[in-house]
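Engineer: Shown below is the structure under consideration.
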Amino acid sequence: MTAKSFCAHIDAIETIKQAQCHECDECVKTGDRWVHLRTCQTCGSTLCCDSSPNRHATRHAQASGHPVIASAEPGERWLYCYPDDVFAEY
Ligand SMILES: [Zn+2]
Ligand SMILES: [Zn+2]
Ligand SMILES: [Zn+2]
């Protein structure tokens, strides 16, 4: 991590988890669609963004308490911390 942030959660991340599959772990179970994908930096789940109907990444963060997601979109290199509402590029 070289990005400067004001969030201890992001500062604590040394290796950024990348998406294993380019699909939402929850939407594939129900056949739903998604817009963008995010990867949880605590457990590695790849889930859909707030522009998607199911907002699985946000629901996962609230339900599990996992604070930080990374964009799983090609070419996007940023992290977001829910509790601190902080974006950080890397
Ligand atoms: Zn944080
Ligand atoms: Zn989803
Ligand atoms: Zn998680």
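Just so you know, all these numbers are worked out from the coordinates, no wet-lab data involved. As the structure is a computational prediction, the values presented were derived from the model and not from experiment. Here Cβ is always computed from backbone atoms with ideal geometry, including for glycine, and neighbour counts include all displayed protein chains.
Engineer: Scan the chain and report its longest stretch carrying no GluC sites (Glu not before Pro) that are both in a DSSP loop and have at most 12 other Cβ atoms within 10 Å.
Structural biologist: Working: sites that count: 14, 76.
With GluC sites (Glu not before Pro) excluded where exposed in loops, the chain gives 15-75 as its longest stretch.
Engineer: Continuing with the same structure: Identify the trypsin sites (Lys or Arg not before Pro) of segment 1-83 meeting these criteria: DSSP loop state and at most 13 other C-beta atoms within 10 Å of the C-beta.
Structural biologist: Working: sites: 4, 17, 29, 33, 38, 55, 59, 77; in loops: 4, 17, 33, 55, 77.
Here the sparse-neighbourhood loop sites are 4, 33, 77.
Engineer: Kirkwood hydrodynamic radius of the chain from all distinct Cα pairs, in Å?
Structural biologist: Details: mean 1/r = 0.0773 Å⁻¹.
Every distinct Cα pair counted, the radius reaches 12.9 Å.
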